[in-house]
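S.K.: Structure in C-alpha cells, see below.
Throughout, read-outs are computed from the coordinates displayed, never taken from laboratory work. Just so we're clear, the structure is a prediction, and the values are computed from it rather than from any experiment. All Cβ positions, glycine included, derive from the backbone under ideal geometry; neighbour counts span all protein chains shown.
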Amino acid sequence: MSQATILLVEDDAELRGLVRQRLEESGYDVRTAENGPDALVSVEQRLPDLVLLDIMIPEIDGLEVCRRLRAEYPLLYIIMLTARTSEVDKVVGLEVGADDYVTKPFSLGELVARVRSALRRLRLTSEQGEASAGMEEPIVVGGLSIDPVRRRVLVDGEEILLTLLEYELLVFLARNPDRPFTRLQLLDKVWDIQYEGYDRTVDSHVQRLRAKIEKDPGNPAFIRTVWGVGYKFQVDVEG
C-alpha cells in the first residue's frame, strides 16, 4: 500500500518541522508550504490525500486557500489548524469548506490521531464503495435520491456536488432513517473521532448539507433537528 500524502501548510518553521517529523515517523509522505500561493501551487502540481492548513499564513490566508481548494477539489480532505481562543476561526473555517479543525496548541499525538482517523475514513469509504458496487439500491425520499454505488446525490433530478464528509454524513443518516443521533455519536460514526468540544463540526456540515439539498434550508424536510438530542433523517417527506 502506498504512503498517504499530506500537505502541511504552516508558516511557523519550528512547528512545521515538528509536525512534519512526527507525521513522517508515522509513515506519511509529507510536503510543506509556508504561504497561501505555495499551497495552491503544491496542490495543483500533485493532489495530496489530505491538507493540514493553518489559518494565519502569509499572502493568502488559510480561509481563502480553503475556499479555493474546496471549489476546485470538492473531495479533498482539509483539516484547519486554528487558534484555541478564536471560535470565529473555527466556525468560518468550517463554513468555507474545511472538513474538520484542530485547535492550537495541540499535542502531536492528537494531531496524528486525527489525521489517521481521516485517512482511515477515506480508505474505508473507497473500499465500501467498491464492495457494494451493484448491490445497494439507491435511497429515494421525496425529490432526494442517494446512490451509494455511484456516489451520486440528486435533488429533483439535478446532481448535487458534496464533499466527502457531507456525503458520508448524509448517507449515514439516510441509512438510519427516523433515528436521532447526538453530535458525539455522529462524530464517532462519521468522523471516526471521539473528541468532545467539536459540535461545531457537525453543525456546520449539517448547515452546508441543508443549503445543498433542502428547498428551504431554514425549514428542512430531510435533515431534521431533534431538540435536546441532535439530528435525524426524515423519511415521510412530501414531494
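S.K.: So for the pair Ser107, Asn219, with labels modelled 7 Å out along Cα→Cβ, what separation do we get in nm?
M.R.: 4.8
S.K.: Taking the Cα centre of the chain as the origin, how large is its charge dipole in debye, to the nearest 20, when only Lys and Arg (+1) and Asp and Glu (-1) carry charge on their Cβ atoms?
M.R.: Numbers: 30 positive and 42 negative charges, 99 e Å.
Rounded to the nearest 20 debye, it is 480 debye.
S.K.: Under unit Cβ charges (Lys, Arg +1; Asp, Glu -1), what dipole magnitude, rounded to 20 debye, does the range 39-78 have relative to its Cα centre?
M.R.: Numbers: 4 positive and 7 negative charges, 28 e Å.
It works out to roughly 140 debye.
S.K.: Assuming a ≥ b ≥ c are the square roots of the Cα gyration tensor eigenvalues, decide whether the range 5-127 counts as rounded (a/c under 1.5), prolate (otherwise, with a/b larger than b/c) or oblate.
M.R.: It is rounded, given that a/c, with a ≥ b ≥ c, falls under 1.5.
S.K.: So for the chain, Kirkwood radius off the Cα pairs, Stokes-Einstein at 25 °C and 0.890 mPa s: how many µm² s⁻¹?
M.R.: 132
S.K.: Counting helices only, and only those DSSP H runs with n ≥ 4, report the 222 nm mean residue ellipticity of the chain as the sum of -39,500 (n - 2.57) divided by its residues, in deg cm²/dmol to the nearest 500.
M.R.: -13000 deg cm²/dmol
S.K.: Tilt of helix 199-213 relative to the longest C-alpha principal axis of the chain, in degrees (0 to 90, nearest 10)?
M.R.: 50
S.K.: Can you tell me the relative contact order of the chain? Whole percent, Cα pairs under 8 Å, sequence separation 6 or more.
M.R.: Dividing the mean separation by the residue count of the chain yields 14 percent.
S.K.: Related question: Under a GNM of the chain (C-alpha, springs under 10 Å), which listed residue has the highest mean-square fluctuation: Leu161, Leu81, Leu170?
M.R.: Largest GNM mean-square fluctuation: Leu161.
S.K.: Could you rank the peptides 97-109, 223-235 by their average count of other C-beta atoms within 10 Å per residue, with the highest value first?
M.R.: On the way: 97-109: 18.2, 223-235: 15.4.
Result, highest mean first: 97-109, 223-235.
S.K.: Lys189: which aspartates and glutamates have alpha carbons under 19 Å from its alpha carbon, excluding same-chain residues fewer than 8 sequence positions away?
M.R.: The qualifying aspartates and glutamates are Asp99, Asp100, Glu110, Glu127, Glu166, Glu168, Asp178, Asp199, Asp203.
S.K.: Explain nothing, just compute: Karplus ³J(HN,Hα) = 6.51 cos²θ - 1.76 cosθ + 1.60, θ = phi - 60°, for every residue of the range 35-40 in order, whole Hz, x for Gly and Pro.
M.R.: Computed from phi, the couplings for the range 35-40 are 8, x, x, 5, 5, 5 Hz.
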